[in-house]
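Working notes for the structure below.
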Amino acid sequence: MSSVDTADRRHRLGVDLPPPDERESLFTTAVLTGSLAVTSGFGPYWDGRHIFIGKVGSELTIEQGQDAAWISALNCLGALRDLLGSLDAIERIVRLTGWVNAGPEFTKQPAVIDGASSLLLEVLGERGQHTRAALGMASLPFNIPVELEVIAEVRNQS
């Protein structure tokens, strides 16, 4: 895979990552184990608040769910940047798992998680191509519409 200056790509796309998460917690936002970096679950949290609240398909539209997934993916990338020092350390995104807070009749979870997949591809190019699961849930923490987790392969740092 080709080497890409991800910060330059993000700048051209007008995509800003969140500042480092400085909240105290019982867990970390991302860990590195061998050649894999794994994020914690992230929702559409930005500037100290949840941007979207509610169930997709009843309280929120699919488009609002996609926007929530896009913001959640930004948070995942921010955690990876904080862990690795740069998104350029990512060889590729291996897996994106997305949970959608939806009622029992809603079946378009993949369309919602497309918001996150599109961001990964925009920011990382071919390195953002990934496997994926898009799952429906009866509820999510704080009634957020989307939660994401990312697993990334990290370039050999030696």
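Just a few scattered comments:
- Test result for Arg132, basic (Lys, Arg), touching a strand residue (DSSP E or B) at 6+ places or on another chain (Cβ under 8 Å) and in contact (Cβ under 8 Å) with a residue 60 or more places away in the chain: no
- Residue in the range 75-112 that is surrounded by the most Cβ atoms within 10 Å (Cβ to Cβ), counting only those that are within 19 Å of Thr33 (Cβ to Cβ) and of a type in the set (D, E, K, R): Arg81
- Count of the range 94-119 residues which are more than 16 Å from Gly41 (Cβ to Cβ) and among the aliphatic types (A, V, I, L, M): 4
- The sole residue among Trp70, Trp46 that is at pLDDT 95 or above and touching a helix residue (DSSP H, G or I) at 6+ places or on another chain (Cβ under 8 Å) is Trp70.
- Residue in the range 113-124 that is surrounded by fewer than 18 Cβ atoms within 10 Å (Cβ to Cβ) and modelled with pLDDT under 95 present: yes
- Residues in the range 14-45 that are of a type in the set (A, V, I, L, M, F, W, C), touching a residue at least 24 places away in the same chain (Cβ under 8 Å) and either surrounded by 15 or more Cβ atoms within 10 Å (Cβ to Cβ) or not in a strand (DSSP E or B) (or both): Val15, Leu17, Ala30, Leu32, Ala37, Val38, Phe42.
The values are calculated or read from the model by the stated rules, or taken from the named source; none is laboratory data. Owing to the predicted nature of the structure, the values given are computational and were not obtained by experimental measurement. Cβ: placed from backbone, ideal geometry, glycine included. Neighbour counts: every protein chain shown.
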